[in-house]
Amino acid sequence: AQTVTQSQPEMSVQEAETVTLSCTYDTSESDYYLFWYKQPPSRQMILVIRQEAYKQQNATENRFSVNFQKAAKSFSLKISDSQLGDAAMYFCAYRSRYGNKLVFGAGTILRVKS
Amino acid sequence: GAVVSQHPSWVICKSGTSVKIECRSLDFQATTMFWYRQFPKQSLMLMATSNEGSKATYEQGVEKDKFLINHASLTLSTLTVTSAHPEDSSFYICSARTPNTEAFFGQGTRLTVV
C-alpha cells in the first residue's frame, strides 16, 4: 500500500518570503500522480498543484512550484512571495495512475506572519 | 472549475437520530464520489467510495450499516449517519471526479451530535 509522509506538523514564514513544505511517499508503482492541496480555515479543499510521475519537469503554478525527486520519492512544495492568504493546512497526496483513491499525508499547518 | 456542493454546511442532531448529508456535482457528471471524515487538525480519512448505480465500497473499519451511502445519480450522493452518537461528531467532506478529471471537493459538513 502507498503511504505519504509529511514530517512538518507546522511551519511559519514571513510575508513575502519563501517557504518549502516537505513530502515523501512510498510506492512500488512507477506511474502515478502527486498533488498538493490547500485547506484554508474555511476547510474547502483546493488543488494547488499536480505532478505526473512520468514527467521529469517540475510543475509550477504561479508562486507555487514543486521539487519532484522520483528516485528519492520526494515531492516538496515551494511557495514564493508568501501572502497572508497562503495561511492554511497543506496536504500532500498520491494517486495511482489508474486508481481512484487519494492517499493523503498528515498535513502541514502553514502560518504566515505579517 | 467544477463545483461540488455539499449540504448542509453544518447540522446539529440529537443522539439516536439519523442525519443525511448531500453531495452534488453541479456542472459535471461524477462517475465516482468519495466520502471523508476529518477530525480537527488531522488529515482526511477516506470512509467510502461510491460509483453511480452500484453499492459503495467501504474502507476497513467503517461501519456500513451506520454510514449509509447512496449514489443514485451521476450528480448526487448522500451519506446518512444512522443512530448518531456524540462520537460521530466530526467534519465530513465529499469529493467527486470523472475518469478524465481530478477530484473536486465539497465545502464540508460539520456534524454535531448532542
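Every number in this text was worked out from the coordinates using simple rules, so none of it is lab data. Just so you know, these numbers come straight off a predicted model, no measurement behind them. Don't worry about glycine lacking a Cβ; one is built from the backbone with ideal geometry, like all the others, and counts go over all protein chains shown.
Details
- Amide H contacts of B:Ile21: B:Leu79, B:Thr80, B:Val81, each under 5 Å away and 5 or more positions distant or on a separate chain (H built 1.01 Å from N in the peptide plane; Pro and chain starts excluded).
- The 3J(HN,Hα) values that the Karplus relation (6.51, -1.76, 1.60; θ = phi - 60°) gives for the range A:23-38 are, in residue order, 8, 10, 9, 10, 7, 9, 7, 9, 10, 6, 10, 10, 9, 10, 10, 10 Hz. Gly and Pro appear as x.
- Candidates A:Ala72, A:Ala53, A:Ala87: whichever shows maximal mean-square fluctuation once chain A is modelled as a Gaussian network with Cα springs under 10 Å: A:Ala72
- Among A:Ser82, A:Ser28, A:Ser74, the residue with the largest mean-square fluctuation in a Gaussian network model of chain A, with springs joining Cα atoms closer than 10 Å, is A:Ser28.
- Normalised contact order of chain A, rounded percent, pairs of Cα under 8 Å and 6 or more residues apart: 38
- Cβ-to-Cβ counts within 10 Å put A:Lys70, A:Lys55 in ascending order as A:Lys55, A:Lys70, the fewest first.
- Build a GNM of chain A with springs between Cα atoms under 10 Å apart, and of A:Ala59, A:Ala16, A:Ala71 the one that fluctuates most is A:Ala71.
- The range B:1-75: C-alpha gyration tensor shape, a/c 1.5 cut-off, then a/b vs b/c: rounded
- For chain B, the relative contact order comes to 37 percent (Cα pairs under 8 Å, sequence separation of at least 6).
- For the residue pairs B:Lys20/B:Lys64; A:Lys70/A:Lys101; A:Lys38/A:Lys70; A:Lys101/B:Lys55, the alpha carbons lie more than 18 Å apart in A:Lys70/A:Lys101; A:Lys38/A:Lys70.
- Candidate aspartates and glutamates - alpha carbon under 18 Å from A:Lys113, same-chain residues fewer than 8 apart omitted: A:Glu10, A:Glu15, A:Glu17, A:Asp81, A:Asp86
- Residues B:Ile69, B:Ile12, sorted so that the one with the fewest Cβ neighbours within 10 Å comes first: B:Ile12, B:Ile69
- With neighbours defined as other Cβ atoms within 10 Å of a residue's Cβ, the residues B:Trp35, B:Trp10 order from fewest to most as B:Trp10, B:Trp35.
- Candidate cross-link partners of A:Lys55 among the aspartates and glutamates, defined by an alpha-carbon separation under 20 Å and a same-chain spacing of 8 or more, comprise A:Asp26, A:Glu29, A:Asp31, B:Glu102.
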